[in-house]
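Trainee: Here you go, one structure.
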Amino acid sequence: MYYLNGKKYKCSVSITMDIFNDRWKLAVIWYLLEKDKRFKELSEDINEISQKTLTLKLKELEEKNIIKREVFAEVPPKVVYSLTPIGLKLKFVLKEMFNWGIEYAKENGKIF
């Protein structure tokens, strides 16, 4: 049994599913694997996401300690997002999902 963020979990997979309950969070992490990024860069990378949704997902990932938000005292203010050490550990999981998606597409669809 696990107790985390005020919830009880019987299985660690439930923790993972609770944190990554939508596609946007995984997309944010995927693009932060490349390098630390500013909001605008993430918004351009994930061009299907609205600014409101991106802001919400960044806040949720920051609260879960998966990403870090660093504010620099400049005019205009500079904010950079990066992965925390536990967030970086998702690299191998996401790379496997990436590879699986390619294999699935090869077997069940077409690749352009």
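Trainee: Any idea how far apart residue 41 and residue 80 come out in nm if each label point goes 7 Å out from Cα toward Cβ?
Mentor: Going from the residue 41 label point to the residue 80 one covers 0.8 nm.
Trainee: Projected area of region 21-108, taken from the Cα convex hull and averaged over every viewing direction, in nm²?
Mentor: 6.5 nm²
Trainee: Taking the chain as a Gaussian network, where each spring joins two C-alpha atoms under 10 Å apart, which residue of 18, 36, 45 fluctuates the most?
Mentor: In this elastic network of the chain, the residue with the biggest mean-square fluctuation among 18, 36, 45 is 18.
Trainee: How big is region 1-68 along each principal axis, measuring the range of its Cα positions in Å and listing the largest first?
Mentor: 40, 21, 16
Trainee: Also, I was wondering about something else. Tell me, what is the FRET efficiency for residue 63 and residue 34 to the nearest 0.05, using R0 = 30 angstrom and their Cβ-Cβ distance as r? If you can, show how the numbers build up before the last one.
Mentor: Details: r = 23 Å, r/R0 = 0.76.
Efficiency at R0 = 30 Å is approximately 0.85.
Trainee: Let me ask something additional. For the chain, with a Gaussian network of springs between Cα atoms less than 10 Å apart, report the residue from 93, 79, 13 with the top mean-square fluctuation.
Mentor: 13
Trainee: A follow-up question, please. Need one number: nm distance between label points at residue 110 and residue 19, each 7 Å from Cα along Cα→Cβ, rounded to one decimal.
Mentor: 3.9 nm
Trainee: Could you name the aspartates and glutamates whose alpha carbon sits less than 17 Å from that of residue 35, not counting residues in the same chain fewer than 8 places away?
Mentor: Straight-line reach from residue 35, under 17 Å: 44, 45, 62, 70.
Trainee: Let me ask something else. Taking H as built 1.01 Å from N, whose amide H comes closer than 5 Å to the amide H of residue 4, not counting residues under 5 places away?
Mentor: Residues meeting the amide H criterion: 9.
Trainee: Separate question: Find me the longest stretch of the chain that has none of the exposed GluC sites (Glu not before Pro), where exposed means in a DSSP loop (not H, G, I, E or B) with at most 11 other Cβ atoms within 10 Å.
Mentor: Longest gap between qualifying sites, sites excluded: 75-112.
Trainee: Beyond 28 Å between alpha-carbons counts as too far, so tell me which of 7/40; 25/106; 57/78; 37/110; 10/37 fall in that bin.
Mentor: 7/40; 37/110; 10/37
Trainee: If I take R0 = 25 Å and measure r between the Cβ atoms of residue 53 and residue 1 in this structure, what FRET efficiency does the formula 1/(1 + (r/R0)^6) give, to the nearest 0.05? Spell out each step's value before the answer.
Mentor: On the way: r = 33 Å, r/R0 = 1.32.
The calculated FRET efficiency here is 0.15.
Trainee: Using the Karplus curve 6.51 cos²θ - 1.76 cosθ + 1.60 with θ = phi - 60°, what ³J(HN,Hα) values do you get for each residue of region 59-74, in whole Hz, with x for Gly and Pro?
Mentor: Values, residue by residue: 5, 5, 5, 5, 4, 8, 6, 9, 10, 10, 10, 10, 9, 9, 6, 9 Hz.
Since every read-out is calculated from the coordinates, none of them should be taken as a lab result. What you are looking at is a predicted structure, and each value in this text was computed from that prediction instead of being measured. Positions of Cβ are generated from backbone atoms using ideal geometry, with glycine treated the same way; all protein chains shown enter the neighbour counts.
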